[in-house]
Amino acid sequence: MKKTANAGGVDGTGRLRPIEGRHNALVKELRRAFARAELTAEGLCAIEGIRIVEEALRSGLKFRAVFFGRSAEAKAQRLLPQIAAHVETLLLPNKLFASAVPSETPQGVAALVRCRQFSLEDVLAKAQAGPVLAIAGVQDPGNLGTILRSAEAFGAAGALLGEGTVSPFNSKAVRASAGSVFRLPIAQVTLAAALARMRERGLRLVATSSHKGTRLDEAKLTGPLAIFIGSEGAGVPKELLAELDEIVAIPHSPRVESLNAGVAASIVLYEAARQRQ
């Protein structure tokens, strides 16, 4: 049974270690992790906000440290009982906390967590359970987070993030995913090199388009499937499109040039889920 902060009758707030200086090693690590917007060399991700920290707890992630601003001591009372007793919990002056996190209106709660890491084979091994998303160059972290959230919601097997795609551990992507980034199998790959392995696994490869292709309501989206989502401006690269089996178009008003990448992916994922039922 997991030992919690209150084990042995310890008062949760008694665990908070006051930190005053910006040169504390853990505060510097938090600041660096946010600045990198990637996993650290130790596989740690910096996260911010009480909801995201709660999602990380719910997802069973291992915590390296949790940071509270002084104005968030009430939130500490709420979170500390859920945090394992060996995890360092630090209390920072509000100004120091704000200097370490990217948000313009910080909530006073942040953490360093160890995210699960997956390979191409890990994701493809789950392809019988639902479609694999192959994301080719989505650069807006909000769009990527939305796609990952929809992928989990509609039963995708996982996501392959190709070159030019923003890191899923960017703080904005993590926030937009509402915690799905902690649970969905995600691998960062070179998509062109992964095509052969997808075909060996029996996946049919389809791309989304705003202007041409099989209408979404006429497309077959059952069976082992990889859905390619392109960048916000250029879409799926032409050299990849030439290797795919089908292009699927989402019908929409001609007055709108194209759909947001997150919206388009969500619509296709919903239709694939509907067809599988």
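What follows is calculated from the coordinates using simple rules that are stated; it is not laboratory data. Everything numeric here is computed off the predicted structure, so don't read it as measured data. We place every Cβ from the backbone using ideal geometry, glycine too, and count neighbours over all the protein chains shown.
For the reader, a short list of remarks on this structure follows.
- Neighbour-limited loop hits for GluC sites (Glu not before Pro), the range 16-110 (at most 10 other Cβ within 10 Å; DSSP other than H, G, I, E, B): 20, 42, 104
- Placing R0 at 22 angstrom, the Cβ-Cβ distance between residue 85 and residue 25 gives a FRET efficiency of 0.60 after rounding to 0.05.
- Longest DSSP-loop-exposure-free segment, trypsin sites (Lys or Arg not before Pro), the chain, at most 11 other Cβ within 10 Å: 4-211
- The range 24-76 shape via C-alpha gyration tensor axes, a/c threshold 1.5: oblate
- Taking Lys and Arg as +1 and Asp and Glu as -1, the other residues whose beta-carbon sits under 15 Å from that of residue 165 total -3.
- In this Cβ point-charge picture (+1 for Lys and Arg, -1 for Asp and Glu), the range 193-259 has a dipole of about 120 debye about its Cα centre.
- Chain lengthening between residue 62 and residue 217 when straightened (0.36 nm per residue, less Cα-Cα): 51.6 nm
- The HN-Hα couplings worked out from phi for the range 65-81 by the Karplus form 6.51 cos²θ - 1.76 cosθ + 1.60 (θ = phi - 60°) are 6, 10, 10, 10, x, 4, 6, 10, 4, 5, 5, 4, 4, 6, 8, 4, x Hz, whole numbers, x standing for Gly and Pro.
- A Cβ-based charge dipole, computed about the Cα centre of the chain with Lys and Arg at +1 and Asp and Glu at -1, lands at about 820 debye.
- Under the convention that each Lys and Arg Cβ holds +1 and each Asp and Glu Cβ holds -1, the size of the dipole of the range 122-254 around its Cα centre is about 240 debye.
- Once you reduce the range 81-131 and the range 178-231 to the center of their Cα atoms, the two points are 27 Å from each other.
- Inter-label distance for residue 95 and residue 259, nm, one decimal - labels placed 7 Å from Cα along Cα-to-Cβ: 4.9 nm
- In sequence order, calculated HN-Hα J values of the range 204-215 (Karplus, 6.51, -1.76, 1.60; Hz; x Gly/Pro): 8, 10, 10, 10, 9, 8, 8, 10, 8, x, 5, 4
- 0 to 90° range, to nearest 10: angle between helix 191-200 axis and the chain longest Cα axis: 70 degrees
- Stretch gain in nm, segment residue 125-residue 242, where the contour uses 0.36 nm per residue and the Cα spacing is subtracted: 39.6 nm
- Cβ-defined net charge surrounding residue 122, 15 Å radius [Lys, Arg +1; Asp, Glu -1]: +4
- The H on the amide N of residue 118, modeled in the peptide plane, is under 5 Å from the matching H of 186, each at least 5 residues off or on a different chain.
- Under 5 Å, built H, 5+ apart or other chain: amide partners of residue 83: 5
- Scanning residues 5 or more positions from residue 88 or on other chains, those with amide H under 5 Å from its amide H are 66, with H placed 1.01 Å from N in the peptide plane.
- Taking all Cα pairs closer than 8 Å and separated by 6 or more residues, the relative contact order of the chain comes to 18 percent.
- Cα gyration tensor, the range 123-277 - rounded (a/c under 1.5), prolate or oblate: rounded
- Sequence-ordered 3J(HN,Hα) estimates for the range 44-58 from the Karplus curve with 6.51, -1.76 and 1.60 and θ = phi - 60° stand at 9, 10, 8, 10, 9, x, 5, 5, 5, 5, 5, 5, 5, 5, 4 Hz, glycine and proline given as x.
- Pairwise FRET efficiency - residue 73 versus residue 105, Cβ, R0 = 22 Å, nearest 0.05: 0.75
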